[in-house]
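Written out below as structure tokens is the structure these notes cover.
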Amino acid sequence: MSVLLNADDFRQRARRILPRGLFEYIDRGTEDETALRKLRESLDAITLRPSALTGHDWRDLKTQLFGTTIAAPLIVAPTALAGLVSYDGEAKLARAAATAGIPFCVSTQSVTTIESIRRGAPGAILWFQLYVWRDRSLTEQLLKRVAACDCDCLVITADTPLSPNREYNRRNGFSIPFSPTVRNIVDMATHPRWLLGVMGRYLATEGMPTYGHYPSEFRGAITRPSVADAVRLEHRLNWDDVRRLRDSWQGTFIVKGILTAEDAEMAADIGADGIVVSTHGGRNLDCLPTPASCLPKISRAVGARLTVLADSGVRRGTDVLKYLSLGAESVQLGRLPLWGLAAHGEKGAVAMLQMIIREIDTALGFLGFCNAGSLRTAQPLTDCCSSAERQLRQ
Ligand SMILES: Cc1cc2nc3c(=O)[nH]c(=O)nc-3n(C[C@H](O)[C@H](O)[C@H](O)COP(=O)(O)O)c2cc1C
């Protein structure tokens, strides 16, 4: 693993190991991938001004998040189908996050169930991301299972009212349900390490991998021709629904995919404990503003009422520091842990997380800070080069 020195090294390794359909499902954006490019540009445009000669000989990345101390201001973001990247991938990610001392957010659309993940990672801080199903009683049953797994933090995804337009998935024949084509069968066959180590292992044990949380009566292999109506994602979700979910959930409640101060205030009004300022990694809508441009205004509007988190586009420790300096209290990583997982399983995910934590530590030292929180409260040190961002910050 010593040759994998940065996130892009891991990404290139993942590209070689995973079938193209799966790699692109993780890696790419949507439509013309403008949002994805702008994510990178928005982070590259930010500079952080250092304080010289501050005389610190140590840095402490420990962060208080919803009453828990975590080792660094990071969370492993929910990513659907992580269990296709590596056998039992979600449990591996949960253990990797636990090794790094940070939470792991399980997706509704994980391959492995919350119960198996909890069994596989007893000490992990587990969060759960909810996509609401059309049949609300099934959603309620799922939430009972989640709560029973010592999973206190619920994340409602608010930015996915429809299936996004990802043309590359159609070209690659990557779809759920999976439909075999010459192209995707050749794709799998030419990636033998993945074919044997992931798909082969599932087929030899539990069978074709599925969306693990789907109730057993609706749970088909991913090759099944249709997903039953009851477990279709509820695309008509509104703030009243989210308020009801908030009221019925005993633990911490987060709304993910907020980009305006008005929506952030709605989240605070319904009693959410946190929001994630996010463009879903540039995967959903191609004309969105960047989290970097929205964060200062949102954090000013609601920072005193709830915890502001951010994600999308992080590839370096310095990107994490940039989001913190714009007002985020912690930052989620989506693709990075998946690339680590693809490259070397659990060890790769641990290596990736430790690498980002080292990068944060080094950059923090150069900036003259001894902890990440003090960087956040020194927001004026952030320099946003784009005029749009400068306007927002005035
Ligand atoms: C392969 C993949 C699957 C994802 N699945 C989900 C999901 O099931 N639920 C969700 O709320 N977000 C999902 N996301 C979005 C992530 O939670 C996160 O917002 C995004 O990946 C952050 O951007 P980054 O990948 O550049 O770090 C997914 C992202 C990826 C890359």
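The values are calculated or read from the model by the stated rules, or taken from the named source; none is laboratory data. Treat the numbers as computed from the prediction; the structure is a model and nothing was measured. Here the Cβ is made from the backbone with ideal geometry for all residues, glycine too, and neighbour counts use every protein chain on show. SASA here: full protein model, heavy atoms, side chains in, ligands and nucleic acids out. Shrake-Rupley method; radii C 1.70, N 1.55, O 1.52, S 1.80 Å.
Quick check: anything in segment 121-138 small (G, A, S), in a loop (DSSP other than H, G, I, E, B) and surrounded by fewer than 24 Cβ atoms within 10 Å (Cβ to Cβ)? Spell out the reasoning first.
Here is the first cut: in segment 121-138, the ones small (G, A, S) are 121, 123-124, 137.
Now narrow it down to the ones that are in a loop (DSSP other than H, G, I, E, B): 121, 123-124.
Then keep just the ones that are surrounded by fewer than 24 Cβ atoms within 10 Å (Cβ to Cβ); that gives 121, 123.
Within segment 121-138, one or more residues are small (G, A, S), in a loop (DSSP other than H, G, I, E, B) and surrounded by fewer than 24 Cβ atoms within 10 Å (Cβ to Cβ).
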**Request:** Go through segment 32-46 and give me each residue that's open to solvent by 50 Å² or more (accessible area, probe 1.4 Å) and either assigned to a loop (DSSP other than H, G, I, E, B) or not basic (K, R) (or both).
**Result:** D32, E41, D44
**Request:** For segment 164-189, enumerate the residues that are in contact (Cβ under 8 Å) with a residue 40 or more places away in the chain and among the hydroxyl-bearing types (S, T, Y).
**Result:** Y168, S179
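D8 - would you say it is of a type in the set (D, E), under 21 Å from M355 (Cα atoms), in contact (Cβ under 8 Å) with a residue 12 or more places away in the chain and within 11 Å of the ligand (Cβ to nearest atom)?
Working: of a type in the set (D, E): yes; under 21 Å from M355 (Cα atoms): yes; in contact (Cβ under 8 Å) with a residue 12 or more places away in the chain: yes; within 11 Å of the ligand (Cβ to nearest atom): no.
No: the conditions fail for D8.
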**Request:** Search segment 298-326 for residues being in a helix (DSSP H, G or I) and touching a Lys or Arg at 6+ places or on another chain (Cβ under 8 Å), and hand back the single one that is farthest from the ligand (Cβ to nearest atom).
**Result:** S325
**Request:** Determine whether segment 325-343 contains at least one residue that is open to solvent by 10 Å² or more (accessible area, probe 1.4 Å), among the polar types (S, T, N, Q) and under 26 Å from L22 (Cβ atoms).
**Result:** no
**Message:** Could you go through segment 47-60 and let me know if any residue there is modelled with pLDDT of 95 or more and open to solvent by less than 50 Å² (accessible area, probe 1.4 Å).
**Reply:** no
**Asked** If we scan segment 277-286, do we find a residue that is more than 15 Å from the chain's Cα centre (by Cα), under 22 Å from E359 (Cβ atoms), of a type outside the set (S, T, Y) and more than 14 Å from the ligand (Cβ to nearest atom)?
**Response** no
